[in-house]
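**Q** Could you have a look at this structure, given as structure tokens, before my questions?
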Amino acid sequence: MPARKARPAPTVNLASAVVVTAGAAADNVERQAAAMLRWEVGKRTGLAWEELAGLPGDEVPVIIVGSQQRLPALPPGIRLPSPVTKNGAPAAEGYLLAVDSAARRAPTVCALGNDRRGTLYAVGHLLRTLEWGPGKADLPADLQVASAPAYPMRGMQLGYRRLNDTLDAWDVGRYAQYVRDLIVFGVNSIELIPPLSPGRYGAAEPDPLMPLSPWDITLALCALLDSYDMEVWFWLPLESGAAGDPELRADSLRQREALFAACRRLDHVFVPGGDPGDTAPDLLFPYLRDLGQALRRHHPGGRLWVSPQKFRRENLARFYEYLHQHQPDWLEGVVWGPGCLQTLPQVRELVPARYPVRHYPDVTHAKICQFPFPHWDAAWALAYERQPIQPRPTQFAHICNLHSPDTPGAVAYSDGTGDDVNKVIWAARLWDPQAQVRQVLEDYGRCFVGPEFAQEAAEGLLMLERNWAGPAASNPQVPQTLAHWQAMEKRATARELGCWRFQQGLIRAYGDAFVQQRVRQEQELLAAAYGELARAGQVGVRAALARAEEILARADPLTAAPELRSRVHELAGMLFRSIGMQLSIAGYGASARDRGAQLDNNDGPLTDCPWLRCQLPRLRELPESQAREEIDRLVHWTDPGPGGCYDDLGSHVHGRDPHLVREITWEQDPGFLLGVQDANYVSGFPEGARLSWATQAQAYRPPLRLRYQGLDPRGSYLLRATYAGRGRMSLQLYLGGQPVGEPVSFEGRQPVVREFEVPLAAIAGGTLEAVWDNVEGHDVQLAEVWLIKR
């Protein structure tokens, strides 16, 4: 017999409901919660719920919104769960959400906060649970929820600046909508990036997309956030050198005090010690003391935070020494964020116990960042660069739970909406560390796209994360993900197709499929070109070069998958129109290729085709014999010869770094502070660079180690290494524990190749350990290593 279909769970129909509040007794936040409920439901359903200050007749469904302090009228005998308590009292920001069908003839829904802010989260839970559609608003008939947050600090940075991929095109109304969206998932803090005066643009140059000046929108957002009782943070770096120059110092403090005075609400000011700033602690702390005084003159409860980001070892030691020796009472706490060279537990141990350590997780970047996408294929890294649309739900759920126990919570670093899913995951896990990722994503899909797409949207977002886990050319997930999103696209109405979150999922699915087709095509062309070059001895150098150039000329993004590329461009236009998202520089005003310019990067180099094409013209000018030697070197670039080894240290996903030593897993160290990051991708490498130069292994704290086994203990070996990376550094090589040669100094984007004789004593028992440690700089980056037996 066919299996019976599961009966749908009973629901209550709220289409004709009214919203009941405490009326004049309600405070402004409780009124905002009721208004938020009516606005968001009306936008989704077209229903215009009336608001009343008392209960209507029993035949009318009601939704009672308020707090325990100013409780609206409740019907006698209503059944409610007990609130979550802490220290014998209802927990701060907690709430009850319950449906009762017995106390009155019509259903009664209670959305009651333990306090004023909890009322907002009760409404948020209702919105993400609601089954809605045109003229439809249903809730599960057995809904009984009592909840409270695990962490008191649950914030997101919403910076209005040029580097942002979306928010710099927003007005106050668009910001207000996004703040409400974040409240739905439990966010209670927003960090702004303010300018220092009305005529300045703060952290970046003027932006033609901005509808308002940064000064005007900062003041407006402070007032908006206050109306929702959201805590307001400022990310306010100190200009390098300002603390040490009396005139600059005084001017800096004057400007910041004028900013504080102009703001309606300001709860916290976070001053990064570096990134940017780079101010020595001996100058930074006295400046912060005076800054704190200026803050509290205008916001008596204002609190000051500082981070040791990008501090070198000497300044780190002085930073912690100052905290222990002076124990300043004007400092609220310390921030652990990108560029901190110690792990969060290490920072927690070094910081005096009186100071909380806030997390500042980077949820917006996929490479050159605090939490890079693990084992990312170079093709994906080149096609999407540093700041893509990148839902990483399972990864960030793990990272949040791993790091949060040492903190009061987090205010996440963000630069747009490409990280929208990541924000929601952080908010949900800071509220409830046991929150199931799929359930959070279903709530996300139900609330923002539509109930009929809740499960499909959740699965589609998980599939997008899996798209990037593995080789770009061969990952079978990519076409499956595209088919999944296309099936949703086919069923979607105009309303759903106009939803920017739906558009983001679509453009990633189409973009990933386009990139995969490009990579496959170019890899085939590259192999064919190498095959022609290998025949130079038979057909002659010039004939081989001509044939290889003709093959490489076919590597054109316009011909790889034109239908997929066209749809990506259509969706980019839709996203720009719907939320101002900037997915190209020329077309939509992106600030740089590594700041979300998907269209530009999808069309950029993804393989070694450009590198090989750049090598060929110079070979024509060489004598025949020399040209053949150069061709042989190109064709056999990765071949170390008999008894040798080659490692491409940025290509772990392809298994090309078998000798790289990893002692700590990603799950233990997702920021790669204690272990080796085996896919560090450098942006801005010269055109025509090899992928193996733009991708490296990187180690922050430990040295970089390669281990070779099964070598001939009496053999003669040469070690050759390509030094490349990001920034200036100087590395010392150790073989068998002994230094070999002088340190190699290099500028990261200018590859340097060095060769070293391997001492016979270093190959003890057929095993060789090659170790690189930094002499200058705070990390080690290395691109390629050959061990050649002679």
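The values are calculated or read from the model by the stated rules, or taken from the named source; none is laboratory data. Every value quoted in this text rests on a predicted model; they were computed, and no experiment measured them. Every residue, glycine as well, gets a Cβ built from its backbone with ideal geometry; the counts of neighbours run over all protein chains shown.
**Q** So is Tyr700 assigned by TED's automatic domain parsing to the domain that holds Leu735, under 17 Å from the mean Cα position of the chain (by Cα) and under 23 Å from Glu776 (Cβ atoms) or not?
**A** Considered against the rule, which asks whether it is assigned by TED's automatic domain parsing to the domain that holds Leu735, under 17 Å from the mean Cα position of the chain (by Cα) and under 23 Å from Glu776 (Cβ atoms), Tyr700 comes out as no.
**Q** Does Leu552 satisfy the criteria of being touching a Lys or Arg at 6+ places or on another chain (Cβ under 6 Å) and in contact (Cβ under 8 Å) with a residue 12 or more places away in the chain?
**A** Judged against the criteria, Leu552 is a match.
**Q** Among Trp485, Trp468, which is the only one that is in the same structural domain as Thr559 (by TED's automatic domain parsing), aromatic (Phe, Trp, Tyr), crowded, with 18+ Cβ neighbours inside 10 Å and without any contact (Cβ under 8 Å) to a residue 40 or more places away in the chain?
**A** Sole residue among the options that is in the same structural domain as Thr559 (by TED's automatic domain parsing), aromatic (Phe, Trp, Tyr), crowded, with 18+ Cβ neighbours inside 10 Å and without any contact (Cβ under 8 Å) to a residue 40 or more places away in the chain: Trp485.
**Q** Filter the range 509-558 down to the residues that are of a type in the set (Asp, Glu), more than 17 Å from Ala473 (Cβ to Cβ) and touching a helix residue (DSSP H, G or I) at 6+ places or on another chain (Cβ under 8 Å) and list them by number.
**A** Listed by number, the residues that qualify are Glu532, Glu549.
**Q** Determine, yes or no, whether Asp657 is touching a strand residue (DSSP E or B) at 6+ places or on another chain (Cβ under 6 Å), acidic (Asp, Glu) and not assigned by TED's automatic domain parsing to the domain that holds Arg518.
**A** yes
**Q** So which residues in the range 42-67 are surrounded by fewer than 18 Cβ atoms within 10 Å (Cβ to Cβ) and outside any loop (DSSP other than H, G, I, E, B), if there are any at all?
**A** If the condition is that a residue be surrounded by fewer than 18 Cβ atoms within 10 Å (Cβ to Cβ) and outside any loop (DSSP other than H, G, I, E, B), then Gly42, Lys43, Glu50, Glu51, Leu52 are the ones that fit.
**Q** A further question on this structure: Step by step: first the residues of the range 22-41, then only those that are surrounded by 21 or more Cβ atoms within 10 Å (Cβ to Cβ) and of a type in the set (Asp, Glu), then the one that is farthest from Leu126 (Cα to Cα). Which residue is that?
**A** Glu30
**Q** Does Leu209 satisfy being within 24 Å of Asn422 (Cβ to Cβ), in a helix (DSSP H, G or I) and among the aliphatic types (A, V, I, L, M)?
**A** Taking the combined requirement at face value, the residue does not satisfy it.
**Q** Report yes if Glu93 is touching a residue at least 12 places away in the same chain (Cβ under 8 Å), among the charged types (D, E, K, R) and buried (at least 20 other Cβ atoms within 10 Å of the Cβ), otherwise no.
**A** Answer is yes for this residue.
**Q** Could you check, for the range 380-393, whether at least one of its residues is at pLDDT 95 or above, assigned to a helix (DSSP H, G or I) and surrounded by fewer than 24 Cβ atoms within 10 Å (Cβ to Cβ)?
**A** Within the range 380-393 (the criterion being at pLDDT 95 or above, assigned to a helix (DSSP H, G or I) and surrounded by fewer than 24 Cβ atoms within 10 Å (Cβ to Cβ)), the answer is yes, since at least one residue qualifies.
**Q** How many residues does the range 53-72 contain that are under 44 Å from the mean Cα position of the chain (by Cα), farther than 20 Å from Asp138 by Cα and either not basic (Lys, Arg) or not assigned by TED's automatic domain parsing to the domain that holds Val18 (or both)?
**A** 7
**Q** Right, next: Confirm whether Gln517 is under 30 Å from the mean Cα position of the chain (by Cα), closer than 30 Å to Arg628 by Cα and in contact (Cβ under 8 Å) with a residue 40 or more places away in the chain.
**A** no
**Q** Exactly one of (1) of a type outside the set (A, V, I, L, M); (2) modelled with pLDDT of 90 or more; (3) surrounded by fewer than 20 Cβ atoms within 10 Å (Cβ to Cβ) is unmet by Pro702. Its number?
**A** Condition (2) is where Pro702 drops out.
**Q** Hey, another quick one. Among the candidates Leu219, Leu196, Leu209, Leu158, single out the residue that is among the aliphatic types (A, V, I, L, M), on the phi < 0 side of the Ramachandran plot, touching a residue at least 12 places away in the same chain (Cβ under 8 Å) and buried (at least 22 other Cβ atoms within 10 Å of the Cβ).
**A** That would be Leu158, the only listed residue that is among the aliphatic types (A, V, I, L, M), on the phi < 0 side of the Ramachandran plot, touching a residue at least 12 places away in the same chain (Cβ under 8 Å) and buried (at least 22 other Cβ atoms within 10 Å of the Cβ).
**Q** Please verify whether the range 707-715 includes one or more residues that are among the aliphatic types (A, V, I, L, M), within 30 Å of the chain's Cα centre (by Cα) and surrounded by 15 or more Cβ atoms within 10 Å (Cβ to Cβ).
**A** For the range 707-715, residues among the aliphatic types (A, V, I, L, M), within 30 Å of the chain's Cα centre (by Cα) and surrounded by 15 or more Cβ atoms within 10 Å (Cβ to Cβ): absent.
**Q** A further question follows. Can you tell me which residue among Glu321, Glu332, Glu239 is at pLDDT below 95 and either surrounded by fewer than 17 Cβ atoms within 10 Å (Cβ to Cβ) or under 29 Å from the mean Cα position of the chain (by Cα) (or both)?
**A** Glu239
**Q** If you go through the range 97-115, how many residues are within 33 Å of the chain's Cα centre (by Cα) and either farther than 21 Å from Trp39 by Cα or surrounded by fewer than 23 Cβ atoms within 10 Å (Cβ to Cβ) (or both)?
**A** Residues meeting the conditions: 2.
**Q** Also, quick follow-up: Yes or no: the range 168-187 includes at least one residue that is touching a Ser or Thr at 6+ places or on another chain (Cβ under 7 Å) and of a type outside the set (Phe, Trp, Tyr).
**A** No; the residues of the range 168-187 include none that is touching a Ser or Thr at 6+ places or on another chain (Cβ under 7 Å) and of a type outside the set (Phe, Trp, Tyr).
**Q** How many residues does the range 677-698 contain that are under 19 Å from Asp362 (Cα atoms) and either out of contact with any helix residue (DSSP H, G or I) (no Cβ under 8 Å at 6 or more places or on another chain) or surrounded by fewer than 19 Cβ atoms within 10 Å (Cβ to Cβ) (or both)?
**A** Qualifying residue count for the region: 4.
**Q** Could I ask something else about it? Quick one: what pairs do we get from the range 708-727, first residue over 23 Å from Gly765 (Cβ atoms), second among the basic types (Lys, Arg) and part of a strand (DSSP E or B), C-beta under 9 Å, 6+ apart or different chains?
**A** Cβ pairs passing all conditions: Arg720/Arg754; Ala721/Arg754; Thr722/Arg754; Tyr723/Arg754.
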